[in-house]
1. With all protein chains present, how much of the accessible area of segment 20-178 (probe radius 1.4 Å) comes from carbon and sulfur, to the nearest whole percent?
2. So how far apart, in nm, are the two label points at Asn2 and Asn56 if each is 7 Å from Cα heading toward Cβ?
3. Let me spell out the model: positive unit charges on the Cβ of Lys and Arg, negative unit charges on the Cβ of Asp and Glu, origin at the Cα centre of segment 1-122. What dipole size does that give, in debye rounded to 20?
4. Calculate one ³J(HN,Hα) per residue across segment 103-119 by plugging θ = phi - 60° into the Karplus curve 6.51 cos²θ - 1.76 cosθ + 1.60, and present them in order as whole Hz with x for glycine and proline.
5. Between Trp127 and Asn63, what's the calculated FRET efficiency when r is the beta-carbon distance and R0 is 35 Å? Round to 0.05.
6. Could you give the dipole magnitude of segment 48-178 about its Cα centre, charging the beta-carbon of Lys and Arg +1 and that of Asp and Glu -1, in debye to the nearest 20?
7. Can you quote the Å³ per residue value for the convex hull of the Cα atoms in segment 131-178, rounded to an integer?
8. Quick one: what does P(r) look like for the chain with 5 Å bins over all Cα pairs, in whole %?
Amino acid sequence: MNVLIIKGSPHEKGTTSLLAKKFEEGARAAGHVVQEIDAAHMDIKSCLGCNYCRKNNGICVHNDDMADAYPMLSDADAIVFVTPLYYFGFTSQIKKVIDRFYAMNSELRAEAKMAYLLAAGADSEDWAMEGISATFDVMCRYLRWENAGSVLALGCGSREEIKESEYLSQAEVLGRSV
């Protein structure tokens, strides 16, 4: 199975990088092929909603790094969204990737895929992840993808906090379950 991890943190050594690493270890241990998109460190422009892609067979008006990401999205059987919690949602870096799905909406909606969410935030209130969870659920529903699971790391604003938590082992177990 092909697994695509889409990372959205501007911090290369942040909490979600550890979650992504553990998920990847689990998925590789289960025999899966894993690829990665580091959205925060790629040249990905925002969707303009201009419909150029709709008139040009899915080719976007932007000539940027999403051109490399589109084939990986097509080939993936499972897509893992990895993001720190920024104001109760995805980071803008990962949101740009999601918005650019528009160029291949028909294809993505026609393919059965599994989707996973790994998120970490400093907030420890049990409701803090409700916004990102709802957005993820609706996105999966719209794309007709299976919401195959998530790890929502509350109270993890630093590497030390997440290392001391059960969330890293949960991410590895989730990766093995793909």
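The values are calculated or read from the model by the stated rules, or taken from the named source; none is laboratory data. Computed from a prediction, not measured in an experiment: that's the story for all the values here. Here the Cβ is made from the backbone with ideal geometry for all residues, glycine too, and neighbour counts use every protein chain on show. Remember, those area values only see protein heavy atoms, side chains included, never the ligands or the DNA or RNA. Shrake-Rupley method; radii C 1.70, N 1.55, O 1.52, S 1.80 Å.
1. Details: 3830 of 7990 Å².
Ligands and nucleic acids excluded, carbon and sulfur give 48 percent.
2. Reported label-point gap for Asn2 and Asn56 is 2.4 nm.
3. Values: 13 positive and 14 negative charges, 70 e Å.
Dipole size: approximately 340 debye.
4. Result, ordered by residue: 5, 10, 3, 4, 5, 5, 6, 8, 9, 6, 9, 9, 10, 10, 10, 10, 9 Hz.
5. On the way: r = 41 Å, r/R0 = 1.18.
FRET efficiency, Trp127 to Asn63: 0.25.
6. The dipole of segment 48-178 has a size of about 660 debye.
7. Details: hull volume 3.6 nm³, N = 48.
Value for segment 131-178: 75 Å³ per residue.
8. 1, 9, 18, 21, 22, 15, 8, 4, 1, 0, 0
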